[in-house]
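A.B. asks: Starting off with a structure, shown below.
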Amino acid sequence: QVQLVESGGVLVQVGGSLRLSCAASGRTFSSYAMGWFRQAPGKEREFVAAISWSGGSTYYADSVKCRFPISRDNAKNTVYLQMNSLKPEDTAVYYCAAQMGYYTEILMYDYWGQGTQVTVSS
């Protein structure tokens, strides 16, 4: 099993940037594909970005492609989401997730963090 703890969510201005971090416990972090999801008020949770176990491959939702690069540091058991050119519609609770399967299988993520709030103010 893996436990996930997100951090970095804040109130930020439109057009600003911030970086979310997700720290994982356990010695097998490098075996997991990792993903970021988000849930806005009154909406269903949606996929944002994913990264393979090695960090060599990434996958993005169209809404964040080229704005939110995902990365990981297996030595630090941490995955990151760099959020650039933020828009009000990016306001949501952001969740980190993990799975042992293929990183693009977005329905198969089965370990979740508690979430971190990102609010983009105009």
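The values are calculated or read from the model by the stated rules, or taken from the named source; none is laboratory data. If you're wondering where the values come from, they're calculated on a predicted model, not measured in any experiment. Glycine gets a Cβ as well: all are built from the backbone with ideal geometry, and neighbour counts include every protein chain shown. All accessible areas refer to the heavy atoms of the entire protein, side chains included, with ligands and DNA or RNA removed. Shrake-Rupley method; radii C 1.70, N 1.55, O 1.52, S 1.80 Å.
A.B. asks: Measuring with a 1.4 Å probe in the full set of protein chains, what accessible area per residue, in whole Å², belongs to the chain? Mind showing how you got there, number by number?
C.D. replies: Values: 6330 Å² over 122 residues.
Heavy-atom accessible area per residue stands at 52 Å².
A.B. asks: To make sure I understand the rule: partners must be aspartates and glutamates, Cα under 18 Å from the Cα of LYS76, and not fewer than 8 residues away in the same chain. Which ones qualify?
C.D. replies: The qualifying aspartates and glutamates are GLU6.
A.B. asks: Once phi is turned into θ = phi - 60°, what whole-Hz ³J(HN,Hα) does the Karplus curve with 6.51, -1.76 and 1.60 give for every residue of segment 23-29, x standing for Gly and Pro?
C.D. replies: 9, 10, 8, x, 8, 10, 3
A.B. asks: Output the direction-averaged projected area (hull surface divided by four) of the convex hull of the alpha-carbon atoms of the chain, in nm².
C.D. replies: Directional mean of the projected Cα hull area for the chain stands at 6.6 nm².
A.B. asks: Shifting gears a bit: With every protein chain left in place, what is the accessible area of ILE106 in Å² (1.4 Å probe, nearest 10)?
C.D. replies: 60 Å²
A.B. asks: Turning to a different aspect of this structure: Taking 7 Å along the Cα-to-C-beta vector as the label spot, tell me the SER7-ASP110 distance in nanometres, rounded to one decimal.
C.D. replies: 2.9 nm
A.B. asks: Go ahead and run the numbers for FRET between ASP73 and LYS43, Cβ-Cβ distance against an R0 of 25 Å, rounding to 0.05.
C.D. replies: On the way: r = 31 Å, r/R0 = 1.22.
Once the sixth-power term is evaluated, E becomes 0.25.
A.B. asks: Could you give me the radius of gyration and the Dmax of segment 1-42, taking only the C-alpha atoms into account and expressing both in angstrom?
C.D. replies: 13.4, 38
A.B. asks: Work out, step by step, the length gained on full extension between TYR102 and SER57: first 0.36 nm times the residue separation, then minus their alpha carbon distance; give nm to one decimal.
C.D. replies: Here the answer is 15.1 nm.
A.B. asks: Could you tell me which of GLN39, GLY8, ALA97 has its Cα farthest along the dipole of the chain towards the positive end, charges placed at Cβ (Lys, Arg +1; Asp, Glu -1), taken about the Cα centre?
C.D. replies: Selected residue: GLY8.
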